[in-house]
Amino acid sequence: MDLYNKIIAGPCSAETEEQVMETAKQLHDIGIKIFRAGAWKPRTKPGQFEGNGSKALQWMKKAKDTYGLKLATEIATPEHVKLARLYDIDYIWIGARTTTDPFAVQEIADFLNLRGEWKVYWEYFDKIYVKNPVSPDIELWIGAIQRLLKAGVPANKIGAIHRGFCLYDNSVYRNVPMWQISQEFHKRLPEIELICDPSHISGKRDLIAPICQQAINLGYDGLMIESHCNPDKAWTDAKQQITPDVLKYIIDNIHNKPNNNEKAISQLAEYRDQIDRADNKILYALADRLKICKKIGKLKKENNLTVFQPDRYNQVLNHFVENGSLLGLDKELTTQIFNDIHEESVHEQIEIVE
Ligand code: PEP
Ligand code: MN
């Protein structure tokens with residue numbers, strides 16, 4: 001597999017003509033074929049850089065004419081699609097925030113099926129990608145693809161980009177990958193090309209290589225990676241952008257792991273058996289615990305005792321977390337697990353008592 005044919009790379013935003021041309025040159029020199037840059041930037045807060053609009057597209061067109069690169073950019077409205085066509089953009093994508101809005105997606109889908117100067121709009125583009133919505137809602141993601149299909153865009157013109165999901169509480173990733181969601185997406189829409197965006201998943205440079213490797217191991221069709229000629233000075237997403245040199249190093253070190261080491265495969269099967277047995281133990285322990293809770297619920301009902309007793313809760317929580325810590329378990333993890341278990345127990349008891 002020639003990875004260089006499967007990578008879309010370029011800066012988060014098209015900042016200036018010099019930055020676009022310099023980054024495009026360096027990416028072309030390492031063998032990249034598709035150049036991305038944002039012309040309209042959906043920012044969380046007002047007052048930040050929101051993109052250079054059609055000026056950015058002009059610079060990108062110049063990069064295309066100079067280096068023979070294909071172009072990719074984010075669009076959020078029919079007007080953006082029109083301009084993307086005007087400036088000869090080859091690939092467009094609906095961003096993660098836009099995918100959350102069915103009205104916006106529908107408007108884009110309807111527009112793509114209108115006739116332009118010579119062709120129906122979708123025919124002007126090599127591919128129309130849909131990023132996953134910011135929240136982990138697979139139906140919304142699939143729904144956006146269905147809107148395009150229903151409006152008449154053929155499946156081979158549609159792709160999906162997995163860029164991770166925003167959760168309130170995550171420490172390592174900027175957007176948690178939740179690979180199971182993209183795997184489910186692929187199962188349900190196998191005909192739709194699926195690529196991964198490690199930059200927005202990781203949010204920082206040092207996680208990009210392992211996420212690229214993981215995506216390739218999982219069989220993704222390609223990668224979209226943010227790359228900038230001077231990442232530290234980037235106007236948007238500075239922490240996650242890498243130089244074209246580093247990008248080349250990462251791509252050249254991605255390997256296709258062959259699954260043909262029989263000894264390792266049988267050892268893996270044994271470990272997986274052990275994991276299954278450990279999971280079963282957890283399930284039996286949970287079921288046992290719940291049975292006891294129900295008995296307590298009955299006792300409380302018969303004796304008019306309150307369900308939730310904060311002192312007892314704190315005591316059991318501390319015990320759980322401290323014991324877990326002695327066993328080498330992370331305190332945050334055990335606190336979270338205990339709270340989930342406790343919430344379910346309280347819920348069960350309330351059903352009995354009331
Ligand atoms: C981007 O690609 O720069 C971008 C804004 O991505 P997302 O829509 O995934 O946040
Ligand atoms: Mn970005």
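The values are calculated or read from the model by the stated rules, or taken from the named source; none is laboratory data. None of these values were measured; they are calculated from a predicted model. Here the Cβ positions follow ideal geometry from the backbone for every residue, glycine too, while neighbour counts run over all protein chains shown. SASA here: full protein model, heavy atoms, side chains in, ligands and nucleic acids out. Shrake-Rupley method; radii C 1.70, N 1.55, O 1.52, S 1.80 Å.
A few comments on the model shown:
- Some residue of the stretch 114-131 being surrounded by fewer than 16 Cβ atoms within 10 Å (Cβ to Cβ), out of contact with any Pro (no Cβ under 8 Å at 6 or more places or on another chain), of a type in the set (Asp, Glu) and over 29 Å from residue 63 (Cα atoms): no
- Checking each residue in the stretch 176-193 for being open to solvent by 10 Å² or more (accessible area, probe 1.4 Å) and part of a loop (DSSP other than H, G, I, E, B) picks out 178, 189, 190, 191.
- Screening 100, 44 for residues that are within 20 Å of the chain's Cα centre (by Cα) and modelled with pLDDT of 95 or more leaves exactly one candidate, 100.
- Residue 81 meets each of the listed conditions (1) within 15 Å of ligand 1 (Cβ to nearest atom); (2) closer than 24 Å to residue 134 by Cα apart from (1).
- First in the stretch 340-354 and among the hydroxyl-bearing types (Ser, Thr, Tyr), second anywhere and part of a helix (DSSP H, G or I), Cβ under 8 Å, 6 or more apart: 345/289; 345/290; 345/293
- For residue 195: the one exception among (1) under 25 Å from residue 108 (Cβ atoms); (2) more than 14 Å from ligand 1 (Cβ to nearest atom): (2)
- Residue in the stretch 229-236 that is open to solvent by 20 Å² or more (accessible area, probe 1.4 Å) and farther than 30 Å from residue 43 by Cβ present: no
- Filtered by the rule that a residue be within 16 Å of ligand 2 (Cβ to nearest atom), among the polar types (S, T, N, Q) and open to solvent by less than 50 Å² (accessible area, probe 1.4 Å), the stretch 1-46 gives 13, 19, 23.
- Residue count for the stretch 198-226, restricted to those that are within 19 Å of residue 129 (Cα to Cα) and either open to solvent by less than 10 Å² (accessible area, probe 1.4 Å) or away from ligand 1 (no atom under 14 Å from the Cβ) (or both): 14.
- The stretch 254-305, residues that are among the hydroxyl-bearing types (Ser, Thr, Tyr) and either open to solvent by less than 80 Å² (accessible area, probe 1.4 Å) or over 37 Å from the mean Cα position of the chain (by Cα) (or both): 266
- Counting only helices (runs of 4 or more DSSP H) that sit completely within the stretch 47-111, those holding 2 or more residues that are open to solvent by less than 50 Å² (accessible area, probe 1.4 Å) and over 30 Å from residue 146 (Cβ atoms) correspond to 54-67.
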